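Report on one structure; see the data block that follows.
The values are calculated or read from the model by the stated rules, or taken from the named source; none is laboratory data. Bear in mind the structure is a predicted one, so any value in this text is a computation, not a measurement. No Cβ is skipped: glycine too gets one built from the backbone with ideal geometry, and neighbour counts run over all protein chains shown.
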Amino acid sequence: MASDYDPAEFVDGDFQAHKPPNPGTLPVSSLGPRAPSREEVDTKVAQAQQRLADLKRAQEDLERERASLEETRRRQMEFQTGREEMIQSLTRGVGLLEQAEFNSRRDADQMTKALTDLREALAQIQAIREETWTKDSFPVELTRALTTLENARMEWNAARLKFAVLSGELQHPIPPAGTDSKGSHLLTQYHFIDLCRIGFALTWPLALVALTAFVTLLVFLLRR
């Protein structure tokens, strides 16, 4: 009878089917995510530090790039401002120098003409030879000499009005820019009495020449 015992006869199949499994017999993956190990934490810390270092280097590179761009912008603004300033200054300077050059050339031309006239007047006066005058030609030669002398005096006075250096007032013979050919700018520097004296100096030789010519002609007629 003992050999006929079967243990499976006392096992409840439904109870075994609804019985929870033994935790010790379950696989590790069915228990949820496991805690990270120290090595894994150290690795993640090192990775985070490396990422921070990379970000810091990237930030430094951006800062250098920003500083370089700001310097480039500053230099561009300096270039544009300086170019506009120099264009204005150079344009004004060229205009002023061109006007000054024109005035200087005009004054030089006037001085050359005045110098030629003074040389001609000097040559005419030096060409007068009183020893060649005869008794008969004396009145005519004297009138001609006085006329030559008066013309030379007019040239001299006109040159003195144009060029103050002839009066010892300036060291440079070229008058200031803007003086016209007739010396109207210089005339404004004289007082009324000085202008009267200049006018008298310009006119009395003519009156003297006319009076001398009249007397000479009268004497010549009386001798005939």
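Could you tell me whether any residue of region 133-141 is on the phi < 0 side of the Ramachandran plot, at pLDDT below 95, surrounded by 11 or more Cβ atoms within 10 Å (Cβ to Cβ) and not in a helix (DSSP H, G or I)? Yes, the conditions are met somewhere in region 133-141.
Would you confirm whether or not region 91-110 contains a residue that is modelled with pLDDT of 90 or more, within 30 Å of residue 159 (Cα to Cα) and of a type in the set (Lys, Arg)? Yes, region 91-110 contains at least one residue that is modelled with pLDDT of 90 or more, within 30 Å of residue 159 (Cα to Cα) and of a type in the set (Lys, Arg). Could you tell me whether region 157-170 includes any residue that is out of contact with any Pro (no Cβ under 9 Å at 6 or more places or on another chain), assigned to a helix (DSSP H, G or I) and at pLDDT below 85? Scanning region 157-170, I find at least one residue that is out of contact with any Pro (no Cβ under 9 Å at 6 or more places or on another chain), assigned to a helix (DSSP H, G or I) and at pLDDT below 85, so the answer is yes. Residue 91 meets the stated requirement of being of a type in the set (S, T, N, Q), assigned to a helix (DSSP H, G or I) and under 20 Å from the mean Cα position of the chain (by Cα).
A single member of 47, 80, 110 is in contact with a helix residue (DSSP H, G or I) (Cβ under 7 Å, 6 or more places away or on another chain), surrounded by 10 or more Cβ atoms within 10 Å (Cβ to Cβ) and of a type outside the set (Asp, Glu), and it is 110.
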